[in-house]
Amino acid sequence: SSRSPAGCAAAVAMAEQLVSMVVGHSRSAGDLQQLLTHLKQHVPSITGRSHQALQQQIIAQLDPETHSLGMLYVLEAQTKSGLVSTGDQAFVDTTSQFLRVCEPRQIKLAPEIFAHLCKRFKEQVIALGCPRLGIAPLLCGLRKLQPSKEHLTPVHADFLQLCILAKIYNGAADVIADDIYDVDPQRTATTPTDFYLYCYYGGIVAAGRKQYGRALELLTHALTAPAVASSAIAVAAYKKAALISLVHCDAPLSLPRFAPSRTKATMEAESKPYLELAAAYSSHNAAKVARVVEQYVATFRADTNLGLVKQVNAGLVKRNIQRLTQTYVTLSLDAIAQQVGLPSRTDAEMHVLRMIQCGDIHATINEGDGMVRFEVDPEQYNSAAMVTAIDGQVRECMAVAERLQALHDAVLTDKQYQLKVSARSQRLEPQEELGMGQMMFQP
């Protein structure tokens, strides 16, 4: 749209004033607070399609490391001024460099703005058809926004989504290995949706890396989060968790007692094919599992879970062979093929050899008569490596116990908690005098 010469001059003057303010107030904490107030007031005046060229001029005069707060707000203005729908390469290049070098102290003053910028950056690299371009910059941004590695941020979900789209699961290995204990919306602008997406995408990444235990743990966090109604993310997480439970635990998914009952009922109602597959799996009958898979193959494919379903099929064969080791000392390959539902002796031999190589079973195959001899696990649990592993797990348990105790103490000394307990005690006093106090506290 056309603008008057006076309007253009005013915008240019505003831009010059903004650059001057950013350059002069990007040092001390007091200056940064003053700059933050100024940016909130004046950046909207240079937002819009008509100011795109002006925004570029401002960015060219700022250093992304020294003037991180000011550049953050100008880049945010760009996201609201109409980016190219098929992917804005210039915006991606500028933001990528900014995320790599920006100063953590400055961007933490505006966590909501920073998180939104990261989300738009993610959308742009996806629109360009190259999600791998955003992985390293978003990882830098994630670490800069985190107060510590134990804090969740909105950038976690965006980063994990790019790793999934680019199929670079190992790129997220360190992020999903971090144990998240703190969700601080004031410091990181994290929302409940961010938590759900982190658990969901983290579960997918962990499953992609064959870390099924960690995947099930993350997905379970999404299923047990306090909620009054189920969400589409929780339903999708339930479906994946139901499959991973079969692969990892050899049993249908069993949610903890503290899982919200309303959401649990909704998730089960919307996951009928998965419940039927779990029931068929529990029969240890490969033919039943194959029939359920054939019946709902379109559903599994639409839910992007067909790969996990194939893992369930492969896992059933492995578990059935492991069950045979608990019953037989020796067994022919033909008998193994018949009992676990494999088409031929050759397939049985292939599966047994693979399981021996992976350490899933301990056995030897006599090539002459095709007999398999199952052996006892040679591990005596008395080696130095085993002692070190057990010691590490014990230390982890002790650290978790200390953290829980600290959290318990913090709750007991919290003023709001004490006020609620005091108010409840006052309400119950008349009933206790009548001998009803004990009945009121019975589970």
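The values are calculated or read from the model by the stated rules, or taken from the named source; none is laboratory data. What you are looking at is a predicted structure, and each value in this text was computed from that prediction instead of being measured. Neighbour counts are summed over all protein chains in view; Cβ atoms, including those assigned to glycine, are modelled from backbone coordinates with ideal geometry. Heads up: the accessible areas ignore ligands, DNA and RNA and are worked out on the full protein's heavy atoms, side chains in. Shrake-Rupley method; radii C 1.70, N 1.55, O 1.52, S 1.80 Å.
Things worth noting here:
- Segment Val376-Arg100, length gained on full extension (0.36 nm per residue, minus Cα span): 94.0 nm
- Between helix 212-224 and the chain: long-axis angle, C-alpha atoms, 0 to 90°, nearest 10: 60 degrees
- A Gaussian network model of the chain, with springs between Cα atoms under 10 Å, assigns the largest mean-square fluctuation among Val205, Val155, Val400 to Val400.
- Under 14 Å from the Cα of Lys122 - aspartates and glutamates, other chains or at least 8 residues apart: Glu76, Asp88, Asp93, Asp158
- The slack in the chain from Gln322 to Arg262, taken as 0.36 nm per residue of separation less the alpha-carbon distance, amounts to 17.8 nm.
- The accessible area of Val183, taken with all protein chains in place and a 1.4 Å probe, comes to roughly 80 Å².
- On the beta carbon distance between Cys130 and Asp179, with R0 = 45 Å, the FRET formula returns roughly 0.90.
- Of all aspartates and glutamates in the structure, those lying under 16 Å Cα to Cα from Lys310, and not within fewer than 8 positions of it along the same chain, are Asp250, Glu276, Glu294.
- In a reduced charge model with +1 at each Lys and Arg Cβ and -1 at each Asp and Glu Cβ, the chain shows a dipole moment near 1020 debye about its Cα centre.
- Helix axis angle, 135-145 relative to the chain longest principal axis, alpha carbon, degrees: 70 degrees
- Computed label-point distance, nm, for sites Ser383 and Ala13 using a 7 Å Cα→Cβ extension: 7.9 nm
- Contour excess over end-to-end distance, with Cα ends at Val329 and Ala423 and 0.36 nm allotted per residue: 27.2 nm
- When the C-alpha to C-alpha distance is required to be over 30 Å, the pairs from Lys167/Lys318; Lys108/Lys420; Lys149/Lys420 that qualify are Lys108/Lys420; Lys149/Lys420.
- Centre-to-centre separation between the Cα atoms of region 281-312 and those of region 210-227: 21 Å.
- Estimated from helical segments only, the mean residue ellipticity of the chain at 222 nm is -21000 deg cm²/dmol, where each DSSP H run of four or more residues counts as -39500 (n - 2.57).
- All C-alpha to C-alpha distances of region 230-352, sorted into 10 Å bins beginning at zero, yield P(r) values of 12, 41, 29, 13, 5, 0 percent in whole numbers.
- Length-normalised contact order of the chain in % [C-alpha pairs under 8 Å, at least 6 apart]: 7 percent
- Intensity falloff of the chain expressed as log10 I(q)/I(0), Debye formula with alpha-carbon point scatterers, at q = 0.07, 0.09 Å⁻¹: -0.54, -0.81
- Label point of Met350 set 7 angstrom out along Cα-Cβ; within region 317-333, amide nitrogens under 20 Å from it belong to 317-322, 332-333.
- Within the listed set Ile107, Ile336, Ile390, the Gaussian network model of the chain (springs between alpha-carbon atoms below 10 Å) gives the highest mean-square fluctuation for Ile390.
- Nearest-ten-degree value, helix 345-358 long axis tilted from longest Cα axis of the chain: 60 degrees
- Length-normalised contact order of region 57-188 in % [C-alpha pairs under 8 Å, at least 6 apart]: 24 percent
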